[in-house]
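Right, one structure below, let's go through it.
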Amino acid sequence: MPPASGDCTFEEDTCGWSNPGANQRVDNLQFLRVRAAEFAFPTTDHSTGSRQGDVEPNLGSLSAFMLREGSSGALILTPVWTLHNFQGLTWFFAQTPLRAEGDFQVVIEAVWGASNSSGMLAIDDISVFDGNCRTVPEAAVVRAGDCTFTRGSCGWTNLTSDRDFTWTLSSAVRRPLNMHDHTYGAPDRSPLCFTFWFAGFGADPNTSLSIYLRPSQLRSFPEQLLTDLSSDIRVWSHILGDPVGWLFGQVQLLASTRFQVVFEGVSFNGGFTLDDFKVYAGTCSSE
């Protein structure tokens, strides 16, 4: 979490940037200010280009959040920038706009990958300035609908309360087929491409997964009852063959008004797991 200005080269100290307390459960690692020469990568500090500079240790994903207090007094953590997996052995420039009313803090979160044992990530030369900017790199843009399901369901909800037909969050001790988590195991309205990973299990040959586009008539938008399905448009479907583990899926979403994405799993002896939702601007073919 940053000092008042946020600017820091980390040459002399951390300028007031600090690790959140354990009770805040923001990430599972502690950033430390260390010498670049003490680690295999990066071998030089970004500010000065020397091996005597200071870097931060790192991992499998890097994210930035805005932390603010909601009207009820509860803390709200909003993702504004996130990037997963190996990006290359060099320094990369990153930036993100911060848009919020009132006071807020910035949280930088690092998360271990599947190996939980190796990897390196460094942060240097933080700067905060007035004005507008775009997110860099584009792959780090966070859009409504993105979700890795590592910290809740990101606003995705069940449309039924029937426990036999609800999507549930898996955990390390409760997951179908003992599958590893996929994330770390490896504007008016232009077309959007929605990508995700899924895996099916079960013996029923009619086990299927479908995606529907549902126009939303609600301003607040999250909850809509199952009383009227006539407006739902099926845009993607998959019938389970032999289970083969994680599969990649994507579908183009076209709509001139606000909409919801609805997943429907159908099975009498089996089911599906879902992970790593991503929404980005542009066209794509269905897979």
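The values are calculated or read from the model by the stated rules, or taken from the named source; none is laboratory data. No experiment lies behind these values; they were computed from the predicted model shown. In this analysis, Cβ positions are derived from the backbone assuming ideal geometry, glycine residues included, and neighbour counts consider all displayed protein chains.
Tell me, which residue of region 124-171 that is part of a loop (DSSP other than H, G, I, E, B) and of a type in the set (Phe, Trp, Tyr) is nearest to Thr14 (Cα to Cα)? Before you say what the answer is, go through the steps one by one.
Taking region 124-171 as the starting set, the residues that turn out to be part of a loop (DSSP other than H, G, I, E, B) are 124-125, 127-135, 137, 141-146, 148-162, 166-170.
Remaining after also requiring of a type in the set (Phe, Trp, Tyr): 129, 149, 156, 167.
Numbers: Phe129: 18, Phe149: 31, Trp156: 37, Trp167: 42 Å.
Here the answer is Phe129.
Determine whether Leu213 is touching a His at 6+ places or on another chain (Cβ under 9 Å), at pLDDT 80 or above and not acidic (Asp, Glu).
Numbers: touching a His at 6+ places or on another chain (Cβ under 9 Å): no; at pLDDT 80 or above: yes; not acidic (Asp, Glu): yes.
Considered against the rule, which asks whether it is touching a His at 6+ places or on another chain (Cβ under 9 Å), at pLDDT 80 or above and not acidic (Asp, Glu), Leu213 comes out as no.
Among (1) under 20 Å from Ala144 (Cα atoms); (2) at pLDDT below 85; (3) not β-branched (Val, Ile, Thr), where does Trp197 come up short?
(2)
State all residues of region 126-143 that are under 10 Å from the mean Cα position of the chain (by Cα) and small (Gly, Ala, Ser); if no residue qualifies, say none.
Correct list: Ala140 only.
Consider Asn206 carefully, then state whether it is in the same structural domain as Leu254 (by TED's automatic domain parsing), at pLDDT below 80 and at positive phi.
Details: in the same structural domain as Leu254 (by TED's automatic domain parsing): yes; at pLDDT below 80: yes; at positive phi: no.
Judged against the criteria, Asn206 is not a match.
Can you give me the number of residues within region 218-261 that are at pLDDT below 75 and either touching a Ser or Thr at 6+ places or on another chain (Cβ under 9 Å) or in a strand (DSSP E or B) (or both)?
Selection size over region 218-261: 6.
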